[in-house]
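Down below is the structure, laid out as structure tokens.
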Amino acid sequence: MEMSCEKIEKMLVDYADEQLSPGDSKKVAEHLEKCEHCQKILEALQRSLELSGVIWEDGLKETKEIRATIQQKARNIHWPGYAAAAAGIILLLTTSILWRALVRPVEKEINFADIERRITEAGNAARLLAATELLAEYPNAQTIVKQQYRYIVETYPETTSAKKAKLKIQ
Ligand SMILES: [Zn+2]
């Protein structure tokens, strides 16, 4: 019996992925020979599968590059012990920004300038916060310390350091 386009369409993903049984695969192939509508769907499907494969591979490559950049930056900075932990958080944050960008097809253009800016901001904020916390140990410096926390909150609002600084001045 002839299968409907609707039924064939549902099998096309598995067909393109070679996951169908030989019997089903033959039925789909026979239908495709006669049906231009389903041929077009299959073509579009294969293109999108190829594209997602390319994005996936690019993503892996870029992740490695970004990791290397951050690790390099972290090595070049004389971090107080506290800030070294912050660098780990920045790395996690950046990786998650990248993956979110990858799985959202509409925004698959990864904005590296923006990621770079966020890394720099997060790094600056973490260093300022670490410095301010050291300063906070001196009773005479409390006015400057408060100004400093406020500066972090206002200048780097998107960072985790800003959230921490905010708690200090509340
Ligand atoms: Zn069809």
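If R0 is taken as 22 Å, the Cβ-Cβ distance between ILE144 and ARG117 corresponds to a FRET efficiency of 0.20.
Other residues with beta-carbon under 12 Å from the beta-carbon of GLU133 carry, at +1 per Lys or Arg and -1 per Asp or Glu, a net charge of +2.
Other residues whose C-beta falls under 10 angstrom from the C-beta of ILE169 contribute a net charge of +4, scoring Lys and Arg +1 and Asp and Glu -1.
Other residues within the sphere of radius under 12 Å centred on the Cβ of TYR156, judged by their own Cβ, net out at +4 (K and R +1, D and E -1).
FYI, it's all coordinate maths here, none of it is from the lab. Please read all numbers here as calculations on a predicted model, not as lab measurements. Here Cβ is always computed from backbone atoms with ideal geometry, including for glycine, and neighbour counts include all displayed protein chains.
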